[in-house]
Amino acid sequence: MVNRSGFSAALAVLCTSLALIVLVGCGGTKEFKGTVLTSGDHAPAFELTNQFGNQIRLGDYQGDPVLLTFLYTNCPDVCPITASQLRQTLDSLGDDGERVRVAALSLDPERDTIDAAADFSDRWEMTEDWDFLIGDREVLEPLWGAYYLDPVVVEQSGSDGSEQANGSSGGLGALRKSFSDRYLVIHSNPVYLIDRAGIMRVVFTSPLDPEEIAHDVRLLLK
């Protein structure tokens, strides 16, 4: 004989479980366009120098969402594209763009000086809208690993340096600079979205979509 009270209790538990599954499937993390990070880990902390020569810590951003990525100023392709896409993201956010912080951490400590960071920021119209953060290799390298980056330095081939020299003015000085700068840093270009409490919530990877990034930022601004 079936115990009706027991059956009713089991049915209630089943219905509750199904309701929770539906709620998880229809809302929550699925609202985000980027890849949701479910670990609940705090973003690895740092203290670095920005393009104005100011010391910046991750804790300085507490209370605001943060878009965090990794770039270097001599990058010929990926980094300018990423900077442009972040500029488009802020433009898409309109007034909400003033409520999000943007940080770009250097991948090239030997060449990314304060002046280089300021010049790169000017070129991509981000001077007042982000912190391009530089530091010594012994400070930056652990951060790359903590954010799951593994940049690789690749020497550029060629003996005359003509391609690099043609891209700038200054005659012999430019030619000498081209020799000293002849290496690339091969890297991925994730953009992390960190919430107001410093928790890593979402990561965006190539191809980046400024509208999707803006969408997810707005979710954290609600």
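Tabulated values for the structure
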quantity	calculated
Rough spin-label spacing in nm, given labels placed 7 Å along Cα→Cβ, for SER188 and ASP64	2.7
Separation of the ILE81 and ARG99 label points, Cα + 7 Å toward Cβ, nm	3.1
Projected label distance in nm at ARG196 and THR38, using a 7 Å step from Cα toward the beta-carbon	2.6
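Every number here is computed from the coordinates shown, using simple stated rules; none is lab data. Just so it is clear, the structure is predicted and the values come from calculations on it, not from any experiment. Neighbour counts run over all protein chains shown; Cβ positions are idealised from the backbone, glycine included.
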